[in-house]
Amino acid sequence: MTSPNPHAIDTDTLSGMKPLRKVVYSIGSNLGDRQGNLQGAVDALRDTPDVIVVDVSPVYETSPVGGPEDSPDFLNLVVVAETTLEPRTLLERALAIEDAYGRERTSHWAPRTLDVDLIMVGAAVVDHEDLRLPHPLAHERGFVLVPWFAVDPQGEVPGQGPLAALVAEVDDAGITRRDDLVID
Ligand SMILES: Nc1ncnc2c1ncn2[C@@H]1O[C@H](COP(=O)(O)OP(=O)(O)OP(=O)(O)O)[C@@H](O)[C@H]1O
Ligand SMILES: Nc1nc2c(c(=O)[nH]1)N=C(CO)CN2
């Protein structure tokens with residue numbers, strides 16, 4: 001008779017485990033204390049149960065894409081994390097973090113103290129009015145691709161391909177790395 005394997009995990013335990021998925025956030029601010037707002041958002045993500053922050057990109061100063069003509073420049077960064085949470089729970093948390101930083105929902109693409117967008121959650125594909133994944137514009141936005149590529153050169157936008165190829169195509173005029181602005 002063989003003795004039981006002390007390292008074995010029973011199948012009930014395994015089937016109850018939620019998969020760990022990669023989640024990528026794009027965070028931007030173009031009003032108020034822009035660096036402080038980004039730092040606050042990163043801290044809030046780190047404080048989120050079941051979200052493990054793996055990488056925080058450098059900060060980039062970026063020209064506004066869309067929005068009013070007099071829109072101020074943004075500071076942008078990207079956070080790469082791992083999570084067992086569902087996309088909708090992640091969205092609720094992202095919106096709560098925006099609200100905590102005084103975000104007023106005025107017009108689409110209006111200047112904002114804090115914008116926390118979900119770019120991808122594993123291989124999830126969602127197409128609802130209030131949640132679209134992967135983010136439908138991520139693959140063409142330099143302010144997302146450039147920071148993301150800096151910390152995750154092997155990354156991919158699901159359905160769109162490797163970051164290395166996407167970043168090579170994107171217009172990076174108006175995107176300046178700000179190593180003087182450090183996020184802890
Ligand atoms: N992937 C996503 N991440 C965050 N919000 C999303 C996503 N998909 C849809 N939304 C919805 O978009 C709303 C936010 O609209 P908002 O005006 O802030 O868009 P935006 O961030 O300015 O524009 P864009 O969608 O071009 O990034 C949220 O209330 C949310 O329900
Ligand atoms: N440079 C820049 N432009 C934008 C940004 C942003 O974060 N950075 N966010 C937008 C809506 O999500 C629209 N335009």
| said: Restricting to segment 77-99, name every residue that is surrounded by 14 or more Cβ atoms within 10 Å (Cβ to Cβ) and small (G, A, S). | reply: A81, A94
| query | Got at least one residue in segment 106-114 being more than 18 Å from K22 (Cα to Cα), away from ligand 2 (no atom under 14 Å from the Cβ), without any contact (Cβ under 8 Å) to a residue 24 or more places away in the chain and not basic (K, R)? | reply | no
| Failed item, numbered, when D172 is tested on (1) among the charged types (D, E, K, R); (2) outside any loop (DSSP other than H, G, I, E, B); (3) within 12 Å of ligand 2 (Cβ to nearest atom) | (2)
| What are the residues in segment 20-32 that are in contact with a Phe, Trp or Tyr (Cβ under 6 Å, 6 or more places away or on another chain) and assigned to a loop (DSSP other than H, G, I, E, B), if any? | N30
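Each row is one residue, and each column tells you yes or no for (1) among the polar types (S, T, N, Q); (2) assigned to a strand (DSSP E or B); (3) within 14 Å of the chain's Cα centre (by Cα).
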position: E98; (1), (2), (3): no, no, yes
position: R112; (1), (2), (3): no, no, no
position: A124; (1), (2), (3): no, no, no
position: D127; (1), (2), (3): no, yes, no
position: L145; (1), (2), (3): no, no, yes
position: L166; (1), (2), (3): no, no, no
position: T176; (1), (2), (3): yes, yes, no
position: I183; (1), (2), (3): no, no, no
| request: Return yes when V23 is within 16 Å of ligand 2 (Cβ to nearest atom), at pLDDT 95 or above and crowded, with 22+ Cβ neighbours inside 10 Å and no when it is not. | output: no
| remark: Among residues of segment 65-79 being touching a Gly at 6+ places or on another chain (Cβ under 9 Å) and not in a strand (DSSP E or B), the residue nearest to V23 (Cα to Cα) is V65
| remark: Of the residues in segment 33-64 that are under 16 Å from the mean Cα position of the chain (by Cα), in a loop (DSSP other than H, G, I, E, B) and touching a residue at least 24 places away in the same chain (Cβ under 8 Å), the one that is surrounded by the most Cβ atoms within 10 Å (Cβ to Cβ) is V59
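For residues in segment 108-125 being more than 8 Å from ligand 1 (Cβ to nearest atom) and hydrophobic (A, V, I, L, M, F, W, C), which is nearest to A165 (Cα to Cα)? Working first, answer last.
Of the residues in segment 108-125, the ones more than 8 Å from ligand 1 (Cβ to nearest atom) are 111, 113-114, 120-125.
Subset that is hydrophobic (A, V, I, L, M, F, W, C): 114, 120-121, 123-125.
Details: L114: 29, M120: 17, V121: 20, A123: 19, A124: 21, V125: 21 Å.
The selected residue is M120.
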| Restricting segment 115-155 to residues that are within 11 Å of ligand 2 (Cβ to nearest atom) and among the small types (G, A, S), which is farthest from L45 (Cα to Cα)? | G142
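The values are calculated or read from the model by the stated rules, or taken from the named source; none is laboratory data. Note that the coordinates shown come from a computational prediction; the quantities given were computed from them, not determined experimentally. So basically every Cβ, Gly included, is an ideal-geometry build from the backbone, and we count neighbours across all protein chains shown.
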